[in-house]
Amino acid sequence: MLVAIFFAIILFITIIQASIPFLLKKTIAFGVTIPEGHSGDKNLANYKKIYSSIIVILGLVGLLIFTLRGLNEHLGEEQIGVMGLIIQLVLLISSMVLYLYFHIQTTKRKREMKWGENLKMVRVADLTRQSNDEMLPSIIFALPVVVTIGLIAYTAIHYPAMPDQIPTHWGPSGQPDAFTEKSPFSVIALLLILLVTQGMMVAFNVFTKKSGVKLNAARRNSSRIQQMSFRKYTSWFMFLTSLLMTILIGFLQLTTIHGDIGGPFLMLAAPLGFLVILLLATAIYAFKVGQGGSRIQPEIEEEAITGVTDSDDDVYWKAGVFYVNKNDPSIFVEKRFGIGWTMNFGNPIGYLIIFVPVLIIIAISFSL
Amino acid sequence: MFIQIEPTSEIPIYTQLVNQLMELIATGTMKPSDSLPSVRSLASDLGVNMHTVNKAYHELERKNIIQIIPKSGAVVNIIPSTGPNELQIEYIKQMVKPLIAESIVYGMDKDQISSIVNSIITEISEG
């Protein structure tokens with residue numbers, strides 16, 4: 001079972017990592033702005049192909065090693081887990097190294113070929129976009145918070161009847177395998193972690209709603225449609241994640257209070273179902289929406305405006321992935337290599353939203 | 001309804017914003033009582049400092065073209081049916097004078113200058 005779960009996750013990471021160059025906007029390759037008219041460059045296409053091929057090969061080798069060792073040798077669950085994590089880590093680090101190599105190559109090519117030197121560099125904004133934003137209202141993200149507070153109250157009521165040992169970790173079979181002493185803090189620790197995460201999601205939605213819409217200067221109408229869809233579906237995806245987490249942790253909390261309410265089958269099915277739905281949703285989101293909505297085909301046909309290209313903000317993108325721009329009031333911006341949002345490191349509020357919750361979660365975990 | 005700025009241009013960004021917004025109002029694309037995007041939203045869309053957008057909005061307010069209502073944002077004013085006041089006429093004269101002088105220095109005659117002015121008016125009124 002554990003082998004199968006890790007197999008699925010490693011396979012998933014391989015597919016997503018290998019697909020990333022093809023899920024991005026055509027105007028950005030390996031974190032470098034590609035001026036209008038050059039996105040079809042043969043060398044760039046080759047870079048993307050080589051990147052993906054190497055990831056696929058690495059992923060397959062990883063899967064082969066993992067399956068052979070996982071099935072043939074008598075490894076304990078912990079060893080299988082560690083091996084699975086190491087393979088995931090190796091895959092992620094190699095994609096980063098590959099990315100960096102092709103980022104440098106792309107930068108070089110752009111400079112040598114003098115792309116976009118005779119184009120006017122502009123930035124475009126749509127003045128009506130605020131009224132067209134279809135992102136979920138932040139109040140919806142607050143609903144799971146209410147559920148969690150309800151669960152904390154429910155736990156408080158049932159506190160006297162709860163067992164002396166409170167589970168803190170669940171094994172691959174879905175059964176708890178690590179415990180801590182019962183105390184008013186330890187019985188709700190899991191819910192507190194959930195609460196912090198949900199709070200982070202609320203803040204995330206509030207601030208991504210305020211983030212700028214970066215339009216393609218030459219294809220402003222179609223890129224506007226793509227951007228709006230990206231914002232909408234990303235907020236849906238974030239909400240689904242928040243909802244799934246609430247259901248899973250709420251379920252675990254109820255089993256802690258009442259014992260095996262759903263029997264061993266449900267204990268196994270709940271986390272698995274969580275994982276399967278989350279992976280499926282990620283895949284649908286990545287391939288249907290794509291970065292910045294690049295996979296969405298607008299119904300309108302738009303001829304590219306000639307003579308203009310997007311203003312080149314490569315200087316603000318350190319290594320093509322870290323955005324540092326003190327002037328831009330956006331706290332989160334679209335990723336350049338990858339899918340979803342990343343933070344503006346030039347804006348201290350972003351640090352607060354990401355790192356404070358993470359620190360609180362770490363503190364809660366270690367105090368158990 | 002789009003606006004476009006050139007960050008590398010010699011013209012300051014806030015002036016570019018003022019000019020573009022005025023043009024949108026002159027062509028009738030933006031109508032009286034239409035609201036402008038919030039300073040933060042326009043600044044983040046363009047990736048520029050909020051002060052830049054704020055400066056542009058205040059410049060437009062100073063010219064009586066928009067009105068900034070605290071907490072609810074900026075709205076476009078009605079184009080006065082009584083026409084411009086003396087100060088505005090004086091201001092326009094002052095702004096146009098060096099341009100006309102420059103045109104004459106380039107060797108343009110009265111007809112050429114008039115035809116440029118006319119074609120710009122047509123362009124704007126036809127949107």
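The values are calculated or read from the model by the stated rules, or taken from the named source; none is laboratory data. No experiment lies behind these values; they were computed from the predicted model shown. As a convention, Cβ positions derive from the backbone with ideal geometry for all residues, glycine included, and neighbour counts pool all protein chains shown. Accessible surface is based on the protein model in full, side chains and every heavy atom, while ligands, DNA and RNA are left aside. Shrake-Rupley method; radii C 1.70, N 1.55, O 1.52, S 1.80 Å.
Descriptive notes on the structure:
- Considering B:Ile113, B:Ile104, the condition of being away from every other protein chain (no Cβ under 14 Å), over 30 Å from A:Asp314 (Cα atoms) and either open to solvent by 60 Å² or more (accessible area, probe 1.4 Å) or assigned to a loop (DSSP other than H, G, I, E, B) (or both) is satisfied by B:Ile104 alone.
- Any chance A:Ala269 is at pLDDT below 95, surrounded by fewer than 16 Cβ atoms within 10 Å (Cβ to Cβ), among the small types (Gly, Ala, Ser) and in a loop (DSSP other than H, G, I, E, B): no
- Of the residues in region A:302-320, at least one is under 14 Å from A:Ile28 (Cβ atoms) and away from every other protein chain (no Cβ under 14 Å).
- Pick from region B:63-81, criterion more than 18 Å from the chain's Cα centre (by Cα) and not basic (Lys, Arg), ranking: nearest to the other protein chains (Cβ to nearest Cβ): B:Gly73
- For beta carbons closer than 7 Å, sequence separation of 6+ or different chains, a first residue in region A:105-125 that is touching a residue at least 60 places away in the same chain (Cβ under 8 Å) and among the polar types (S, T, N, Q) and a second that is in a helix (DSSP H, G or I) and surrounded by 14 or more Cβ atoms within 10 Å (Cβ to Cβ), the qualifying pairs are A:Gln105/A:Tyr47; A:Thr106/A:Leu44; A:Thr106/A:Tyr47.
- Region A:126-161, residues that are within 14 Å of chain B (Cβ to nearest Cβ) and either assigned to a helix (DSSP H, G or I) or in contact with a Lys or Arg (Cβ under 9 Å, 6 or more places away or on another chain) (or both): A:Asp126, A:Arg129, A:Gln130, A:Ser131, A:Asn132, A:Asp133, A:Met135
- Whichever residue in region A:91-104 is touching a residue at least 60 places away in the same chain (Cβ under 8 Å) and farther than 16 Å from A:Thr27 by Cα and, among such residues, is most open to solvent (accessible area, probe 1.4 Å): A:Leu100
- Checked against the criteria, A:Val56 counts as touching a residue at least 24 places away in the same chain (Cβ under 8 Å), among the β-branched types (Val, Ile, Thr), open to solvent by 40 Å² or more (accessible area, probe 1.4 Å) and over 30 Å from A:Arg123 (Cα atoms).
- When B:Glu61 is tested against (1) more than 16 Å from A:Val124 (Cβ to Cβ); (2) surrounded by fewer than 19 Cβ atoms within 10 Å (Cβ to Cβ); (3) in contact with a strand residue (DSSP E or B) (Cβ under 8 Å, 6 or more places away or on another chain); (4) in contact (Cβ under 8 Å) with a residue 40 or more places away in the chain, exactly one condition is not met: (4).
- Number of positions in region B:1-14 that are surrounded by 14 or more Cβ atoms within 10 Å (Cβ to Cβ) and not aliphatic (A, V, I, L, M): 5
- Restricting A:Ser222, A:Ser229, A:Ser173, A:Ser186 to residues that are farther than 30 Å from A:Pro329 by Cβ, open to solvent by less than 50 Å² (accessible area, probe 1.4 Å) and assigned by TED's automatic domain parsing to the domain that holds A:Ile339 narrows the list to A:Ser186.
- Candidates B:Thr8, B:Thr27, B:Thr15 - the one that is within 10 Å of chain A (Cβ to nearest Cβ), at negative phi and either modelled with pLDDT of 95 or more or out of contact with any Asp or Glu (no Cβ under 6 Å at 6 or more places or on another chain) (or both): B:Thr8
- Condition check for A:Met200: of a type in the set (A, V, I, L, M) and open to solvent by 40 Å² or more (accessible area, probe 1.4 Å): yes
- Flag for B:Ile120 being outside the structural domain of B:Met30 (by TED's automatic domain parsing), open to solvent by 80 Å² or more (accessible area, probe 1.4 Å), over 29 Å from B:Glu61 (Cα atoms) and not charged (D, E, K, R): no
- Residue, nearest to the other protein chains (Cβ to nearest Cβ), within region A:321-332, restricted to residues that are under 21 Å from A:Leu100 (Cα atoms) and among the β-branched types (Val, Ile, Thr): A:Val324
- Restricting attention to region A:309-352, the residues that are closer than 21 Å to A:Lys114 by Cα and of a type outside the set (Val, Ile, Thr) add up to 10.
- When B:Leu60, B:Leu87 are checked against the criterion of being away from chain A (no Cβ under 14 Å), part of a helix (DSSP H, G or I) and aliphatic (A, V, I, L, M), a single residue qualifies: B:Leu87.
- Residue count for region B:30-54, restricted to those that are open to solvent by 40 Å² or more (accessible area, probe 1.4 Å) and either at the interface with chain A (Cβ under 7 Å from one of its Cβ atoms) or on the phi < 0 side of the Ramachandran plot (or both): 10
- Test: A:Gly70 is more than 22 Å from the chain's Cα centre (by Cα), in contact (Cβ under 8 Å) with a residue 24 or more places away in the chain and more than 30 Å from A:Asn43 (Cα to Cα): yes
- Taken together, the residues in region A:189-245 that are within 14 Å of chain B (Cβ to nearest Cβ) and aliphatic (A, V, I, L, M) amount to 7.
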